[in-house]
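Enquirer: Please read through the structure below; I'll follow up with questions.
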Amino acid sequence: MAATMVEQRYQAALDAVAKCRESCEVCHYNCCLPAGRTDCGRMCVDCAAICTLLGTLLARGSALAPKVAALCAEVCDACAELCEQNDADYCRACAQACRECARQCRAIAEGV
């Protein structure tokens, strides 16, 4: 029963990290790599990785989730800033997903 409560409490964040991870991977492979945007590409991969970790921690109700969520928010904001500098649809979608994920992560980190 506790697992269900954790899942309900963090469902919006779980959805946001999943969408962000997917958007970052799509952006990396379809935009950053072909265009030679190495800084943006690395950040997208890093962001996808931290989102994956946070999703795992949230799903199992780890006590570490709030600390990782704070870091995830920072990484998502940095990724969004880089992707917002590009006009490609993949980059814009990635930036939007990163901003929403950062918002959800901050709420978790602050215990909201």
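The values are calculated or read from the model by the stated rules, or taken from the named source; none is laboratory data. The structure displayed is predicted, hence computed values, not measured ones. Cβ sites come from the backbone with ideal geometry, for glycine too, and all protein chains shown count toward neighbours. These area figures cover heavy atoms from the full protein model, side chains too; ligands, DNA and RNA do not enter into them. Shrake-Rupley method; radii C 1.70, N 1.55, O 1.52, S 1.80 Å.
Enquirer: Under a point spin-label approximation (7 Å from Cα along Cα-to-Cβ), what is the Thr38-Glu81 distance to one decimal in nm?
Expert: 2.1 nm
Enquirer: Tell me the per residue accessible area of the chain using a 1.4 Å probe; a whole number in Å² is fine.
Expert: 56 Å²
Enquirer: Quickly rank 16-23, 29-36 as a protection proxy: mean count of other C-beta atoms within 10 Å, highest first.
Expert: Highest to lowest by the protection proxy: 16-23, 29-36.
Enquirer: Looking at [x] 9.2; [y] 12.8; [z] 5.9, which value of mean projected area of the Cα convex hull in nm² comes from a calculation on the structure shown?
Expert: It is the one labelled [z].
Enquirer: Given the -39500 (n - 2.57) contribution per DSSP H run of 4+ residues, what per-residue ellipticity at 222 nm results for the chain, rounded to the nearest 500 deg cm²/dmol? Present the calculation step by step, with values, prior to reporting the outcome.
Expert: Working: 5 runs with 87 residues, N = 112.
Mean residue ellipticity, 222 nm, calculated: -26000 deg cm²/dmol.
Enquirer: Could you tell me the relative contact order of segment 35-107? Use alpha-carbon pairs under 8 Å, at least six residues apart, and round to a whole percent.
Expert: For segment 35-107, the relative contact order is 32 percent.
Enquirer: Which helices of the chain meet both criteria: a Cα extent of 18 Å or more along the helical axis and a mean Kyte-Doolittle score no lower than 1.0, with helices taken as whole DSSP H segments?
Expert: Sorted by number, the helices that extend far enough and score high enough are 38-59, 65-83.
Enquirer: Also, quick follow-up: What do you get when you divide the Cα radius of gyration of segment 48-112 by 2.2 N^0.38 Å, with N the number of residues?
Expert: 1.13
Enquirer: Would you mind telling me the share, in percent, of accessible area of the chain contributed by carbon and sulfur at probe 1.4 angstrom?
Expert: Details: 3320 of 6260 Å².
For the chain, the apolar C and S fraction of the accessible surface comes to 53 percent.
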